[in-house]
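Notes follow once the structure below has been shown.
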Amino acid sequence: MDIAAFRRHFWHVFNGPKRNAPVDALLDHKAHLSLDLCPDMPGMLSIRKQRLLNLSFSLIPEGQAYFEVGTYMGKSLISAMIHNPVRTVYAAGNFSEFDDNSLETLQENLSRYGMLHRVQFLNADFQKSYTPEFLREPIGLYFYDGAHDLESQYLGIKRVEPYLADEALIFVDDWRHGPDSLSHAKSGTLQAMPESTHQWKLLYELPARYNGDLGMWWNGVGVLSFQREAPMQVAI
């Protein structure tokens, strides 16, 4: 993933300095539906977050993959892939957090958009997904929306690192911590980053005023970059 190219596109699409300003016109249900990339799909995304995923997926180079942890009913997967070039897509989740979703629901939704065959899905706890048998291509774009307790969030960063492309883009969902969002996404991520021998950067913090903020970034997103450091060469 070309991080510099992403930043240029991001700045243009989201109007740079105003990227975090509320757009309360989007709180109107009809206005929101008119801009939704998959309006018949339930999900936990604002229009801005949909566009962020879609834009970033469009920049994944050939030979790299998209990996999503914590798939709900498929809206984020569809939002990322729709109208974009075909790339390898991995997703993992065990449907343990909500009662209204299941593997069958996810498959039906992906099928309706003709995308079921494009997603390699692991129906299991997300920690079982970080294996070379499952992640066979380097991950250029990683979207973590799995469990947001401190340990899970920390492990979601630590365990993906060996499978990331040498330059990768990472989105951590539910970045906001508040009374209606007891998410440790930010604290767990920031705990893991300094322990790496490679280069991690927090590029943007995309906020929300409350959990489910359609006029901003739903419940916040942390945008990070990863750069793998070359092994040190020892002169003989």
Task: For ALA165, distant residues with modelled amide H under 5 Å away - done: ILE139, GLY140
Open item on the list: If neighbour count is taken as other Cβ atoms inside 10 Å, put GLU133, GLU205 in order from fewest to most.
Closed with: GLU133, GLU205
TODO: Sticking with the crude label model, points 7 Å out along Cα→Cβ, report the distance from GLN120 to SER58 in nm, one decimal please.
DONE: 2.6 nm
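Give me the percent relative contact order of region 65-227, please, defined on Cα pairs under 8 angstrom at least 6 residues apart. Each step should come with its number before you reach the end.
Values: 307 pairs, mean separation 32.3, N = 163.
Relative CO of region 65-227 lands at 20 percent.
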TODO: In nm, give the distance between the simple-model label positions of ALA4 and LEU150, each being 7 Å from the Cα along the Cα-to-Cβ direction.
DONE: 3.9 nm
Task: Order of SER181, SER102 under a 10 Å beta carbon neighbour criterion, fewest first - done: SER102, SER181
TODO: May I ask you to compute the full-extension gain from ASN94 to LEU182, defined as 0.36 nm times their residue separation minus their alpha-carbon distance, rounded to one decimal in nm?
DONE: 29.6 nm
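Extension gain HIS83-THR197, at 0.36 nm per residue separation less the Cα-Cα distance, in nm? Walk me through the numbers before you get to the answer.
On the way: separation 114, 0.36 × 114 = 41.04 nm, distance 3.65 nm.
Extra length available between HIS83 and THR197 comes to 37.4 nm.
Any read-out appearing in this document is the output of simple, stated calculations on the displayed coordinates, not a laboratory observation. On a predicted model such as this, the values are computed, not experimentally measured, just so you know. Here Cβ is always computed from backbone atoms with ideal geometry, including for glycine, and neighbour counts include all displayed protein chains.
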